[in-house]
Structure formats: C-alpha cells, structure tokens
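Down below is the structure, laid out as structure tokens.
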Amino acid sequence: MNPPSREACEALDAADPLAPFRARFVIADEQLLYMDGNSLGRLPVATRARLHAFVDAWGDRLVTGWQEWLDAPARVGDRVAAGVLGAADGEVVVSDSTTVNLYKLCSAVLESLPREGRRAVVTDRDNFPTDRYVLEGLCARHGLELRMMECDPLAGPQAADLERAVGGAALVLLSQVAYRSGALADMAGLTALCRAHGTPVVWDLCHSVGALPIDLHADGVELAVGCTYKYLNGGPGAPAFLYVARALQDRLRSPIAGWFSQEDQFAMGPGYRPVPGIARFLAGTPAVLDLEAVDEGVALTAEAGLDRLRAKSLAQTELAIALHDAWLAPLGFTLGTPREPALRGSHVSLRHADAWPICRALIERADVVPDFRGPDSIRIGIAPLYTRFVDVWDALDRLRRLVDRGEHRLVDRTVSRVT
Ligand SMILES: *Cc1c(COP(=O)(O)O)cnc(C)c1O
C-alpha cells in the first residue's frame, strides 16, 4: 500500500481543528523539524510574557509577594488535577522533581501503610531509569527485595506479568507509557489487579500526561506522579506533580518533614506536625517562577482538549508507522512501538543497528531533532499541540534520504552527553 503523499498531509493540516495552536508557540526556526516534544516541550508564547511579568513582580513586590506565591503548588496542582488528570481539588501539588516525588510517595507507602509481612517491591526492567534507581535505593534501605518483571519490551507490562510478580509485594511502580517503546499500559486493569492483591500501586505519568485523556478517578488510581516539561510545555526543570487520592492522604507521611508541610508554618514551632491533606507532601520553598510556566502550559493543553489531542496524536503516529513500513523497513529499520493504536502513547520508536549515528546525522545534517534511546531506538515524538502532519512526513522523508545516502557514516562518533 502506498503511504500518504505530502499533499495528503497538507490537506490533513488544513482540516486540523488544532492547527491554530501551533501559532501559540515560539517557533524560532521554521526549517527545524522538532520531534522531541516528548522530552522537552516548546515554549508557549503566553509563557514568555507571563514569566517576564512575574520577574517584574518579583522586582516590585519582593518578600511581600509570598502572600500570593505561597500557595502556588496547591493552586497549580488544582489546575493540573482538573485540566489533565481527572482528579479533584486538593488531590495534587506541583513541586520538586518527578524523581523526588517518586521517592516521597514510594517511601510513604512503605513506611506508613501496614505491610503485613510483604517484603518485595515490583517494577519492570524496562521502566524509566530513575524509577528503577529510586526503588533500588529504597529496597536497600528497607531490606526489601526489588522484583523486576521481564516484560515484552514492545508491549510493556501486561496483566499476566504482574499476576506472576505481585504476590507478597508491598508496592508496585509502573509507567503508563513506556519511555522507549511508547507502549500504553492498561492503567485501570493493572490497578484493579494490584488492589485485588492488597498492593498499592504508584503510576508514573511522565510520558502520558498532556498527550492523552487521563481519568485517575475512573481508573481507580490512588497514587501518581508526572512531569510538566514534556507534553505540558512547562519548561526545562519545571516542577513535577504528585497526586494522592483524598481517602489515602492522611494515612501517608512524607519522608521529608519540611516546613512547607508544617501545621501553622510561620509559628516556627518546636516539633513537626504535618498538615492534613495533599500539602503534607510539600517540603521546602517552591520554584514559583516555574509554577507560572506550568500553569500556562496546562491551561493551553486543557483548552485544546485531550480528546482532540489524542485523536490527532494517533493519526500522526499512524502516519509515522505507515511511512516507516513503506520507506524505512527496506533500509533495515524495525518498528519498536505497538501497531495497535489503543496500545500506544504519543511517540514512535524506530529501531536500527546504527540508530545512534543516524540520530546524530539527523540533528547535525538534516535539521531534524528526534532523540536516541539505547540500545537502538530513535524516538519520533508527536506533540499534537504543535506538530503538523507535514512535519512527520518531512522528518521521515529526510531520515530515509539520509540513510539511503549513507550520511550517518560521516558523523563524529564522540558521544554527546544529552541524547
Ligand atoms: C522524563 C521522565 C522522568 C524524569 O524525572 P525527573 O526527576 O524529572 O528527571 C521520570 N520518569 C519517566 C517515566 C520519565 O519519562
């Protein structure tokens, strides 16, 4: 079957109800095909203005600004909850990094809930590195066994994998979308499975939030974290969110007893007494400037609507797969992402033995920015707020021409630190 033509992609862009959102982002270089919004989202135009205004407010208001800034983690948390998570007011805070929030939630589960002799913690071998490392550290400290599920690397964790691993587990940690393959896990089904075993599960939503509709309440999810600088366009190093279902909040204690979760914070009292509610997961002074950017990014995503974003994302990953099959498979590529639309997130992994030099050559010689994930994947990230159909077509067209001409053999093999 012939893949769609470039003209067909232009027609799709012309008919795309989300097309006007591209103009809401800073596009510094129109030639550059940015296919890495799943790693660092673009800068919204409104965010640039809002950050400038906030910097001025800092200059004007100085310390009196804290009257308003103090509750920014909870205020922006409510926006994240309603806008992109299907959670309620008072269930989300935005502060610290995803890694720190993973540590806080996983520790809280292990230290605050009755474990009843359970001595294992479960995740999968292909989970994101920081998730695995946080658990490794916690298991060492608590003398627990870290049980790594060996799942199909393309499909990600399935019910049968979890069923085999969950017995005697005190905690399960899973990602909704796998960072390498883009596989989308059955969050409702796997959460229900854990509940049937009496095991709390923490979900990492970094690669799904802002790219597809999430309804934490409908899926029965009680604990989750996720970052704001990927599909939510909050900016480099923007703080992450942490979600705890209302019913569980006061049964958990954060491992970081900081003054931002202290009852009557400014009484500066002698002992630590955590506040009730989600704010007990705050630690220290929040990054207020970054929170302004997160607020703007979330508002933009919610305005576009996650159902529409998901529909466009699926059409674009479908296009990337069709072009892979027609152009890239004959050049030695294989697809590293599920073909079934309902089973994938918003990026497509293209596997090739020379993936690393090909990825470098795309960046250095073809003005295409994807990213590389070892050992052999090039990730094509689809950010439906600003990615056009022609961008997908052009990126894969430049990729096939470059490989066909053998240009990847010309790149300098000195390893760059960020891939
Ligand atoms: C991007 C990402 C992270 C990042 O964690 P940081 O603490 O923000 O560096 C964590 N988990 C997953 C699944 C990710 O995709």
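Each value in this text was obtained by applying a stated rule to the coordinates, not by laboratory testing. In this text the structure is predicted, and so the values were computed from the model without any measurement. Please note: Cβ atoms are built from the backbone with ideal geometry, for glycine as well, and neighbour counts cover all protein chains shown.
Structure above, values below:
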| read-out | value |
| --- | --- |
| Gaussian network model of the chain, springs between alpha carbon atoms under 10 Å - residue of Arg115, Arg360, Arg351 with greatest fluctuation | Arg115 |
| For the chain, built as a Gaussian network whose Cα springs stay under 10 Å, the top-fluctuating residue of Met148, Met268, Met35 | Met268 |
| Cα-based helix-to-principal-axis angle, 98-112 vs the chain, degrees rounded to 10 | 40 degrees |
| Cα-Cα pairs of the range 170-250 separated by more than 21 Å (percent) | 27 percent |
| Globularity ratio of the range 279-359, using Cα Rg and 2.2 N^0.38 Å | 1.60 |
| Estimated [θ] at 222 nm from DSSP helical runs (n ≥ 4, -39500 (n - 2.57)) normalised by residues in the chain, nearest 500 | -11000 deg cm²/dmol |
| C-alpha center-to-center spacing [the range 76-114, the range 184-226] in angstrom | 12 Å |
| For the range 370-419 versus the range 118-136, the gap between their alpha-carbon centres in whole angstrom | 29 Å |
| Reciprocal of mean inverse Cα separation for the chain (Kirkwood radius, Å) | 22.4 Å |
| Column: log10 I(q)/I(0), Debye, Cα scatterers of the range 203-310, q = 0.13, 0.21, 0.23 Å⁻¹ | -0.58, -1.17, -1.25 |
| GluC sites (Glu not before Pro) within the range 108-179: DSSP coil, no more than 12 neighbouring Cβ in 10 Å | Glu116, Glu150 |
| Neighbour net charge for Asp161 - beta-carbon separation under 13 angstrom, K R +1, D E -1 | -3 |
| Low-density loop positions, GluC sites (Glu not before Pro), the range 1-101 - DSSP coil, at most 12 other Cβ in 10 Å | Glu30 |
| GluC sites (Glu not before Pro) lying in DSSP loop within the range 251-351, provided at most 14 other Cβ fall within 10 Å | Glu263 |
| Sorted largest first, extent of the range 303-415 alpha carbons per principal axis (Å) | 43, 25, 23 |
| Residue list for the range 113-153, given a label point 7 angstrom along the Cα-to-Cβ vector of Arg251 and an amide N cut-off under 14 Å | 113-116 |
| At R0 = 25 Å, FRET efficiency that the Cβ-Cβ distance of Trp66 and Val26 yields, to 0.05 | 0.25 |
| Kirkwood hydrodynamic radius over Cα pairs of the range 187-232, then Stokes diffusion coefficient at 37 °C and 0.692 mPa s, in µm²/s | 294 µm²/s |
| Hz values of 3J(HN,Hα) by residue in the range 204-211 - Karplus curve (6.51, -1.76, 1.60), Gly and Pro given as x | 9, 9, 3, 9, 10, 5, x, 10 |
| Acute angle (nearest 10 degrees) that the helix 129-142 long axis makes with the longest principal axis of the chain, alpha-carbon atoms | 30 degrees |
| Rounded to 10°, Cα long-axis angle of helix 6-15 versus longest principal axis of the chain | 40 degrees |
